[in-house]
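Report on one structure; see the data block that follows.
The values are calculated or read from the model by the stated rules, or taken from the named source; none is laboratory data. This is a predicted model, so every value here is computed, not measured. Here the Cβ positions follow ideal geometry from the backbone for every residue, glycine too, while neighbour counts run over all protein chains shown.
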Amino acid sequence: MPIVKIVTAAALLIAFGATVRAASLTIEQSGQHFSDRSATISHGDSLTFSNADDVSHNIIVVDEAEHESDLGLQKPGEKLTFEFDRAGRFKIRCNIHPGMKMNVTVK
């Protein structure tokens, strides 16, 4: 019987226009490093990169097929957000500072 309750609750949420919000995880950039070396998130979630350094960064998101998404120049104090619209494994890099690396798994 519990599955019937879950299906009924889901149907009610859809019927009344409820929306499920995606999550956002903030990654700090300090000392020319990301605060996390890896992260696991869900499809539709986003990462926000917050530059606490006194230098600019240039964040690149690389998917499994080696396609790059360039988030552009990020000045000190700025935040950039990238939404992951599909599952997979991604590499995050700074095009200016090659030591800045991070891996993201999207489920």
Problem - Residue check for Asp85: within 12 Å of Gln32 (Cβ to Cβ) and outside any strand (DSSP E or B) - result: no
Handout entry: Members of region 72-86 found to be within 12 Å of the chain's Cα centre (by Cα) and either of a type outside the set (D, E, K, R) or within 15 Å of Met102 (Cα to Cα) (or both), listed by number
Key = Leu80, Thr81, Phe82, Phe84
Problem - Given (1) within 14 Å of Phe34 (Cα to Cα); (2) free of Cβ contacts under 8 Å to residues at least 12 places away in the same chain, index of the condition His67 fails - result: (1)
Handout entry: Count of residues meeting criterion [crowded, with 18+ Cβ neighbours inside 10 Å and in a strand (DSSP E or B)] in region 40-49
Key = 3
Exercise for the section: Please state which of the following conditions Gly72 fails to meet, knowing it meets all the rest: (1) part of a strand (DSSP E or B); (2) at negative phi. Expected result: (2)
Problem - Residue satisfying condition, being at pLDDT 95 or above and of a type in the set (D, E, K, R), within set Asp85, Asp45 - result: Asp45
Problem - Failed condition for Arg89, given (1) touching an Asp or Glu at 6+ places or on another chain (Cβ under 9 Å); (2) surrounded by 14 or more Cβ atoms within 10 Å (Cβ to Cβ) - result: (2)
Exercise for the section: Mind counting the residues in region 56-71 that are more than 16 Å from the chain's Cα centre (by Cα), small (Gly, Ala, Ser) and modelled with pLDDT of 95 or more? Expected result: 1
